[in-house]
Amino acid sequence: MSVRFEFEILLLPEEIGGYRLAAYTEGVLRLMVGATAFLDADGVLLVEFGLALHKWLEIARSGPHDFYYASMDFEEEPILAFRYDALEDKYRLESVWAQGQAPLVPCPDVVAASRTYLADLRGLLKRKRGVDLEHVLRKSVSDG
């Protein structure tokens with residue numbers, strides 16, 4: 001099953017030092033499952049989400065592992081979660097803002113979509129602000 005993230009940065013801070021890039025880069029985050037939007041959320045901290053995905057991908061290298069993303073910007077949670085179903089060997093997608101019931105999604109598809117999101121975010125931030133997101137991601141893993 002095809003899974004992909006789509007996003008649009010609507011707010012990108014002029015100053016990007018320290019925590020500002022993660023705390024103030026906002027936009028629309030959409031998770032498409034096939035042709036259907038499972039999640040379509042506005043005001044998501046896209047770099048913060050990327051940091052959470054990056055940390056999860058590091059852990060998931062050793063095998064399937066649950067992912068849970070919440071943000072202090074929203075009381076409701078999870079914004080997005082991948083719950084591993086060992087019987088099916090797939091992830092069940094969850095979101096407080098889910099638009100319908102998502103099917104179980106093969107683990108490699110979720111991992112690939114997450115990697116593509118990070119690559120797309122990296123490229124966009126590099127073009128718009130000259131930001132080396134890879135450095136920010138590496139620092140977040142060493143700090144956390």
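Brief remarks follow.
- Panel order for Ser114, Ser2, by other beta carbons found within 10 Å of each beta carbon, from fewest to most: Ser2, Ser114.
- At most 11 other Cβ within 10 Å, DSSP loop - chymotrypsin sites (Phe, Trp or Tyr not before Pro), segment 1-98: Tyr19
- Close amide H pairs (under 5 Å, H built 1.01 Å from N) link Lys90 with Asp85, residues at least 5 positions away or on another chain.
- For segment 119-132, putting each phi into the Karplus relation 6.51 cos²θ - 1.76 cosθ + 1.60 with θ = phi - 60° gives couplings of 5, 5, 5, 3, x, 5, 5, 5, 5, 7, 10, x, 7, 8 Hz, in residue order, rounded to whole numbers and with x for Gly and Pro.
- Loop-resident GluC sites (Glu not before Pro) (DSSP state other than H, G, I, E or B) in segment 1-83 with no more than 12 further Cβ atoms inside 10 Å of their Cβ: Glu14, Glu15, Glu75, Glu76.
- Modelled FRET efficiency - R0 35 Å, Asp66 with Glu15, Cβ distances, 0.05 increments: 0.55
Each value in this text was obtained by applying a stated rule to the coordinates, not by laboratory testing. Since this is a predicted model, take the numbers as computed values, not measurements. Glycine gets a Cβ as well: all are built from the backbone with ideal geometry, and neighbour counts include every protein chain shown.
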